[in-house]
Every structure is written in C-alpha cells, then in structure tokens.
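So the structure is just underneath, and the comments pick up after that.
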Amino acid sequence: MAILQYKNVGITAMAACVPHTVIDNYKYTQYFSEEEVRKVVDKVGIYERRFADQNTCSSDLCFAAAEKLFVDNQIDRSEIDLLVFVSQTPDYRMPATSIILQERLKLNNSVIAFDINLGCSGFLYGLSTVYSFMQQKGLRKALLLDGETRSKVYSPKDRRSAFLFGDAGVAALIERNEKFGNSYFSLNSDGSRADLIMIKGGGYRHPSSLDTLKERVVDEFGNIRSDEQGYMKGADVFNFVIVEIPKDIKRLFQFAGMEKEQVDYFVFHQANDFINSYIAKKLKLDTERIPSTIHKYGNTSSVSVPLTIVSELKSQLKETDKTLMLSAFGVGLTWGTAIVPFSDCHISDVVEL
C-alpha cells in the first residue's frame, strides 16, 4: 500500500500564470456546428480556456509564476536548494526543462534540479517527492514548478478532446516548519490502462514520421487526429474514476485517522464538471467546500489542482490554518490523494502572460 506520511513540511507560498488568450468554448466552432459544440460544452461545464501562443511553452508559464512568487514574497534565490519541474509538455526531449529553468531563474549551481514526466496526478507526485527531500535537514527551500500546454497536443477536429484542455503554470515554495504537522499521500498506478489516455506517436516506440504526422479519421463519428495528437477514451476513464477515486479517498482518511468533516476544502482535478459532481455526491461532500475552476480554465492536466488553489482559495489560506484534501487522476493511469495542512500560505494574484 503506497501511503506516505510526512512531518513538518508544507507550502508557504504559491503563484500561477495563465496565457492571456481566452478561448470561448461556445465559439470554438471551426470544425463543428454550433449545436454540436453547445451539447459538448454544456455537458462538460467548460466555458472558457486559456491557450498559449506558438512561442510560449509550459516553462515560460512556470517562469512567470516563479518570478511573481519570488517578488511578492521577497525570496532570497540563494536559499532555493531543490527545483522540481512537472510536465508532459517540456521544452525539449533533452535536456530536462528544470535545468533550463534553474539558469533562467538565476538559482545556484548547487541546486538539485530534475523533471517529473507525469500527467494529471503529477502535482501530487511532485509534491510528495519534494516533501520527501525536505525531510532532510540539508535543504532550506524547495521550488515545485508545474506547467502544461495541452492545447498543443490535442486535435481541434476530435470532439472528444477538442473542448477540454487548457494551458497554465504554477509555482509552489515548500519549506520545513513545525506548524505544518502531518501530511498524508496515497499514490497509485495501473499501466494495464495506459492506452486510455495516450499520444502514440513521436516517442521512441513509434518515432516521428510522415505517417505519425498524417491526420486521419479515427472512428465512426468522423473525429480526426494524427498519432502525434492525444486521445482519450472518456467513458472508460469515467468508469475507472467512479470506482477508484472514492475508494482511495476513504483509504487515506482511514490511514490518517481523520473524518471528512476535518477537511476545510476538497480540491479535485478539474477533468470535467460531471465527474467531480459525481464524486462529491458519492462521498456526500459539502459542495461549498469544493472550489472549482473547470468553467474558466478547463482541464489543465497536472496544473489543475494547484491552479484551483491559487485562483479560488487565496483569501481563505492567508493568516489561518486550513486542511486541504487534494485528489487527481489521469494519464498512466495514475491517481493520488493527499491530506495537506496549510498555514498562512501567501498566494499571489494569477498572472497573465
């Protein structure tokens, strides 16, 4: 059972950046009729998204978020000893984007820096990894950066994914302090379902070629994409979610010896409104304690959980102690649940790039 417990480590500051270009989903009608678009948009509850331009990468969004965090909190960059970058849309195949960000952010050469290639559960995996490092007394401050430009990897001609994904980046400062107490993480994986969410072409199993780049009709509904654009088997993912996610949440509460009433806010991965409403109903959660950004940012993959915290909980987490439950699931398939204390977390306004 992959359940982890950490002590006296927590997030002390957060910032987020989104592209300035707003996509009105009802007007995203280049390839589909207005009636088709309205049906999809009303079902998933995603009305707006943010798209990065062709020159903007996930690292640029994270860089802007990190700079905002440093300035707003007067952070001494020389005290950053660890930098972790989470993304499945990095700048290059090599080198790791974290190394590039280390130089751009003017951090010391002694900084530990590496990437984590993981999808929608990536922030939870990254947070757990950083918490594990920060249990060591040799590190002072850690910077967790999480960015995605998923708009660039899904086909606008595939109605099953064309209206879901948006772009964003976040930065979280993590430190040791006795005020945080205990944090709990449950991290899980099931590679037998790897083909439910996938980009088949462009890696080293199926290298880029004229064939992988060629658009083709992929189903009886006329959806079109290439092998280098992502696809998702939504119905199968939903069936997975409604079984595994509530079960994982209950298991972590039991391990932590806590009840759901002790949690101030439940922050779910912003996959779509229908899924999150179903989970809330199944667990009998108070919807007023479930912040949501799905309507205005869409599914930003691993960024969705921290972006929701920055966007919706800024005033609630300042100068007070709160307990958050975080839950995310997706590509892999992987999923995770965390119970994380927050104490006087300084959250910046969302930056537009």
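The values are calculated or read from the model by the stated rules, or taken from the named source; none is laboratory data. Just so we're clear, the structure is a prediction, and the values are computed from it rather than from any experiment. Neighbour counts are summed over all protein chains in view; Cβ atoms, including those assigned to glycine, are modelled from backbone coordinates with ideal geometry. Note: accessible area is taken over every heavy atom of the protein model, side chains too, but ligands, DNA and RNA are not part of it. Shrake-Rupley method; radii C 1.70, N 1.55, O 1.52, S 1.80 Å.
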Requested in this report: Working only within the stretch 209-228, note down all residues that are part of a loop (DSSP other than H, G, I, E, B) and β-branched (Val, Ile, Thr).
Outcome: Val218
Query - Residue within the stretch 220-239 that is closer than 19 Å to Leu127 by Cα and in contact with a Gly (Cβ under 9 Å, 6 or more places away or on another chain) present - result: no
Requested in this report: Scan the stretch 1-51 for residues that are of a type in the set (S, T, N, Q) and in contact (Cβ under 8 Å) with a residue 24 or more places away in the chain and jot them down.
Outcome: Gln5, Asn8, Thr12, Thr21, Asn25, Gln30
Query raised in the report: Does the stretch 298-333 hold any residues that are among the hydroxyl-bearing types (Ser, Thr, Tyr), touching a residue at least 24 places away in the same chain (Cβ under 8 Å) and open to solvent by 10 Å² or more (accessible area, probe 1.4 Å), and which are they?
Result: Ser311, Thr320, Thr323
Query raised in the report: Within the stretch 111-150, which residues are of a type in the set (Lys, Arg) and either in contact (Cβ under 8 Å) with a residue 40 or more places away in the chain or open to solvent by less than 10 Å² (accessible area, probe 1.4 Å) (or both)?
Result: Arg140, Lys141, Arg150
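The rows are residues; the columns are (1) without any contact (Cβ under 8 Å) to a residue 60 or more places away in the chain; (2) open to solvent by 80 Å² or more (accessible area, probe 1.4 Å).
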{"site": "Ser161", "(1), (2)": "no, no"}
{"site": "Lys179", "(1), (2)": "no, yes"}
{"site": "Lys200", "(1), (2)": "yes, yes"}
{"site": "Tyr204", "(1), (2)": "yes, yes"}
{"site": "Thr212", "(1), (2)": "yes, no"}
Report summary line: Scanning the stretch 104-152 residue by residue, those under 21 Å from Gly166 (Cβ atoms) and among the β-branched types (Val, Ile, Thr) turn out to be Ile116, Thr149
Query raised in the report: In the stretch 272-294, is there at least one residue being of a type outside the set (Ser, Thr, Tyr), closer than 21 Å to Gly181 by Cβ and free of Cβ contacts under 8 Å to residues at least 40 places away in the same chain?
Result: yes
Report summary line: All-but-one check, Pro246 against (1) open to solvent by 30 Å² or more (accessible area, probe 1.4 Å); (2) assigned to a helix (DSSP H, G or I), failing number (1)
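Take Lys68 and tell me if it is at pLDDT 95 or above, of a type in the set (D, E, K, R) and open to solvent by 20 Å² or more (accessible area, probe 1.4 Å).
Numbers: at pLDDT 95 or above: yes; of a type in the set (D, E, K, R): yes; open to solvent by 20 Å² or more (accessible area, probe 1.4 Å): yes.
Yes, satisfied.
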Report task. With the condition kept exactly as written, say whether any residue in the stretch 49-63 is assigned to a strand (DSSP E or B) and open to solvent by 70 Å² or more (accessible area, probe 1.4 Å). Result -> no
Requested in this report: Any chance you could count how many residues in the stretch 69-91 are farther than 17 Å from Ser58 by Cα, outside any loop (DSSP other than H, G, I, E, B) and not basic (Lys, Arg)?
Outcome: 9
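Kindly indicate which of Leu107, Leu124, Leu139 is at pLDDT 95 or above, touching a strand residue (DSSP E or B) at 6+ places or on another chain (Cβ under 9 Å) and either closer than 22 Å to Val350 by Cα or of a type in the set (Phe, Trp, Tyr) (or both). Don't jump to the end; show me each part of the working.
On the way: Leu107 fails: either closer than 22 Å to Val350 by Cα or of a type in the set (Phe, Trp, Tyr) (or both); Leu139 fails: either closer than 22 Å to Val350 by Cα or of a type in the set (Phe, Trp, Tyr) (or both).
On inspection, the qualifying residue turns out to be Leu124.
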